[in-house]
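The values are calculated or read from the model by the stated rules, or taken from the named source; none is laboratory data. In this text the structure is predicted, and so the values were computed from the model without any measurement. Here Cβ is always computed from backbone atoms with ideal geometry, including for glycine, and neighbour counts include all displayed protein chains. Just so you know, the surface numbers come from the protein's heavy atoms only, side chains and all, with ligands and any DNA or RNA stripped out. Shrake-Rupley method; radii C 1.70, N 1.55, O 1.52, S 1.80 Å.
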Amino acid sequence: MHSAVLLIEFGSIILGLGLLGRFAARFRLSPIPLYLLAGLAFGEGGLLPLGASEEFVATGAEIGVILLLLMLGLEYTASDLVSNLKTHYPSGLVDCALNALPGAAVALLLGWGPVAAVVLAGVTWISSSGVIAKVLGDLGRVGNRETPVILSVLVLEDLAMAVYLPIVTALVAGAGLMAGSVTLAIALGAAGLVLFLALRYGRLISRFVSSDDPEKLLLVVLGLTILVAGVAQQLQVSAAVGAFLVGIALSGEVAEGAHTLLSPLRDLFAAVFFVFFGLHTDPSSIPPVLLPALGLAVVTALTKIATGYWAARRAGISVKGRWRAGGALVARGEFSIVIAGLAVAAGVEPSLGPLATAYVLILVVLGPLTARYTEPVATWWARRREPSRPEPAPAPRAAEAEAPVGD
């Protein structure tokens, strides 16, 4: 009987997610806010709380996080990451300062303590690569001059996750300074080792994993990723970082083939992850934090626009391109929820989950709008502020020849 209820509940969740995804695609929206709302509806205090399938959904959510970071790692090669780090690190520092500090400040002002401040800093810092990539495609801007600048900022954020996530994992677990330092040293050492091996022996690693049979390639890559993620979790480094490093280590045809095979699985389990996060957020806890979330969303939308503008100006992009770059970076999404999920699971601060949910819901909807309208609005505002120039006096017309007077 229990298994039947589990199948009914989980089947209903998957079917509902599919319908929500189709609805979002019809209106060219990100499905993330709809998945979060579905989790709120079926979680504690929701319309129809789930019981039997919650443990199964929790496991699916863990796999979702792992696949999200694996696919992110597959997008880049080790040489890409090293090149971006050397060339664009000032933009990464500005991005961190402008967007992480507001989150940390709000957490401290609300009296949540330093651990929650570090977590909320990450929530407000990291943009949504998935949402931004989709928006750029929808707007036909993939070939624009400012797009490499946008991607370089996202790459630096993703690379920073390899350092940031182990720190957060150690903090929320209550590890002391010594244990936290050891965890960070392991994470940095692992990241450095993977980058070195990928640069030096990337072809050999890819050849070892490669297979002409899609089934075998899928099993090897998925099994290797989950194994490494489990080892990383055991070392308190973070399963997500382990998966990200596996993605970086693979390159060439193997990375392309794995990306194609794993994309449907990523989408499925990522959707389950967003639902799971919503399940653990009581809808009645959102209204008390709605005002701080809205204020934080407005401030960090502006700081992201400033980040993109500064990075594009540094790269020599035109003024219009700078505004487009800034507007495109506003959306927050999957990684903000991943970061908040670590704190929620550890019980760091009861209000952190609701605030993160409201914050992401606001910016994942606002992000596509800022990407589309920031540049036209900025251009209109600049023209309006220009001092009106007096119109030149009309040139005197030539005297018309008089008509001959008849007798």
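Of all the numbered requirements in (1) open to solvent by 70 Å² or more (accessible area, probe 1.4 Å); (2) charged (D, E, K, R); (3) touching a residue at least 12 places away in the same chain (Cβ under 8 Å), Glu9 misses one, and that requirement is (1). Of the residues making up region 248-275, those that are closer than 19 Å to Phe56 by Cα, open to solvent by 40 Å² or more (accessible area, probe 1.4 Å) and of a type in the set (A, V, I, L, M) are Leu265, Leu268. Please indicate, with yes or no, whether at least one residue in region 75-92 is touching a Phe, Trp or Tyr at 6+ places or on another chain (Cβ under 9 Å), surrounded by 16 or more Cβ atoms within 10 Å (Cβ to Cβ), at pLDDT below 90 and small (Gly, Ala, Ser). Checked region 75-92: at least one residue is touching a Phe, Trp or Tyr at 6+ places or on another chain (Cβ under 9 Å), surrounded by 16 or more Cβ atoms within 10 Å (Cβ to Cβ), at pLDDT below 90 and small (Gly, Ala, Ser).
Among the numbered conditions (1) touching a residue at least 40 places away in the same chain (Cβ under 8 Å); (2) crowded, with 16+ Cβ neighbours inside 10 Å; (3) closer than 16 Å to Val155 by Cβ, the only one that Trp125 does not meet is (1). Annotation: Leu245 fulfils all but one of (1) crowded, with 17+ Cβ neighbours inside 10 Å; (2) under 23 Å from Gly16 (Cβ atoms); the unmet one is (2). From the list Gly230, Gly192, the one residue that fits, being among the small types (Gly, Ala, Ser), open to solvent by 30 Å² or more (accessible area, probe 1.4 Å) and within 30 Å of Gly11 (Cα to Cα), is Gly230.
Please determine whether any residue of region 254-273 is modelled with pLDDT under 90 and not in a helix (DSSP H, G or I). No, every residue in region 254-273 fails to be modelled with pLDDT under 90 and not in a helix (DSSP H, G or I). Only one entry in Ala358, Ala343 is modelled with pLDDT under 90, out of contact with any strand residue (DSSP E or B) (no Cβ under 7 Å at 6 or more places or on another chain) and assigned to a helix (DSSP H, G or I), namely Ala343. When region 195-223 is limited to residues that are of a type in the set (Gly, Ala, Ser) and not in a helix (DSSP H, G or I), the one that is least open to solvent (accessible area, probe 1.4 Å) turns out to be Ser211.
Residue under question is Val172, and the condition is that it be under 30 Å from Ala325 (Cα atoms) and open to solvent by less than 40 Å² (accessible area, probe 1.4 Å); does it hold? Spelling it out, it is not the case that Val172 is under 30 Å from Ala325 (Cα atoms) and open to solvent by less than 40 Å² (accessible area, probe 1.4 Å). Inspect all residues belonging to region 321-331 and state whether any of them is of a type in the set (D, E, K, R) and modelled with pLDDT of 85 or more. Yes: one or more hits.
How many residues does region 123-153 hold that are closer than 27 Å to Ala346 by Cβ and not small (Gly, Ala, Ser)?
Residues of region 123-153 that are closer than 27 Å to Ala346 by Cβ, as a first pass: 123-131.
Now restrict to residues that are not small (Gly, Ala, Ser): 123-126, 131.
Qualifying residue count, region 123-153: 5.
Of all residues in region 279-288, those satisfying the criterion of being modelled with pLDDT under 80 and either buried (at least 17 other Cβ atoms within 10 Å of the Cβ) or among the aromatic types (Phe, Trp, Tyr) (or both) are Leu279, His280, Thr281. Among the residues of region 308-339, count how many are open to solvent by 20 Å² or more (accessible area, probe 1.4 Å) and in a helix (DSSP H, G or I). Result for region 308-339: 9.
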